[in-house]
Amino acid sequence: MYDGLTGRYTFSCPSRGDVRLPLSAFRVLEHLDGTAHPVVYKVKFACPCGGMHDGLVTHDELDWAPLGAGEITFFNVMTSRLEPADDELVDHAARRIEAGLWPWSFFCFPEERARPMFPSAFRLLSPAHEQVGVAVHCPVCACTSVNLVSRTHVDVPFFNDPEVGVVEHVFPSDHDHVVEAFREELYSAAFDRRCIDLAP
């Protein structure tokens, strides 16, 4: 489902068959009740066909596969063989985390600080020009904050925008009200542009 070398998720489209999409093409992520081993998320994604479709993604594919965890192989032209790359990628990610860098960081408005997050903390994503509005559930304070970030900030682990937009609003915890409030705030120009260094 996730290709570690291209950074794309594969989903099924009724009209195009398999489509490969970056994380920023997701629109809604919802944990499915009753799933534990593995935890499964229902994803609504914006398809290149112009429609919105549903798909399923596991916790491992969402949070760990982009860091190299999983079965990743590449064709080595020197040996003419498929060779594993996952150990090297995981080691590289672990060294960066040990150095204090986090794969994804977002600004928590209630706490007024940057927090390390994983994509499983995303609740809603909405495109806004060349950027993406992301509603993120903070694992520390359990509140939802909305950041306006670049697509690269969402799609590429360890890339953090030096400046992010922040909605100065504490969102309710229930899903339906978050969706409605998120859309209203995103298009109301209520983002407070903050110069925030998300890297430690």
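Looking across segment 146-179, just one residue is at pLDDT below 75 and assigned to a strand (DSSP E or B), and that is 171. Hey, could you check segment 113-128 for residues that are within 18 Å of residue 168 (Cβ to Cβ) and aliphatic (A, V, I, L, M) and say which is surrounded by the fewest Cβ atoms within 10 Å (Cβ to Cβ)? Filtering segment 113-128 for residues that are within 18 Å of residue 168 (Cβ to Cβ) and aliphatic (A, V, I, L, M), the one surrounded by the fewest Cβ atoms within 10 Å (Cβ to Cβ) comes out as 128.
Which residues, counting only those in segment 3-23, are β-branched (Val, Ile, Thr) and either under 14 Å from the mean Cα position of the chain (by Cα) or within 19 Å of residue 67 (Cα to Cα) (or both)? Hits for segment 3-23 are 6, 10. All of 32, 21, 5, 56 fail the test of being within 21 Å of residue 144 (Cβ to Cβ) and not polar (S, T, N, Q), apart from 32. The selection criterion, being touching a helix residue (DSSP H, G or I) at 6+ places or on another chain (Cβ under 6 Å), more than 25 Å from residue 170 (Cα to Cα) and touching a residue at least 40 places away in the same chain (Cβ under 8 Å), does not hold for residue 101.
Which one is surrounded by the fewest Cβ atoms within 10 Å (Cβ to Cβ), of the residues in segment 19-43 that are touching a Ser or Thr at 6+ places or on another chain (Cβ under 6 Å) and modelled with pLDDT under 95? Break it down stepwise before answering.
Within segment 19-43, the subset touching a Ser or Thr at 6+ places or on another chain (Cβ under 6 Å) is 20, 38, 40.
Checking which are modelled with pLDDT under 95 leaves us with 38, 40.
On the way: 38: 12, 40: 19.
Ranking the candidates gives 38 first.
Residues of segment 24-70 that are under 17 Å from the mean Cα position of the chain (by Cα) and at positive phi: 68 alone.
The values are calculated or read from the model by the stated rules, or taken from the named source; none is laboratory data. Quick caveat: nothing in here was measured; it's all calculated off a predicted structure. Neighbour counts are summed over all protein chains in view; Cβ atoms, including those assigned to glycine, are modelled from backbone coordinates with ideal geometry.
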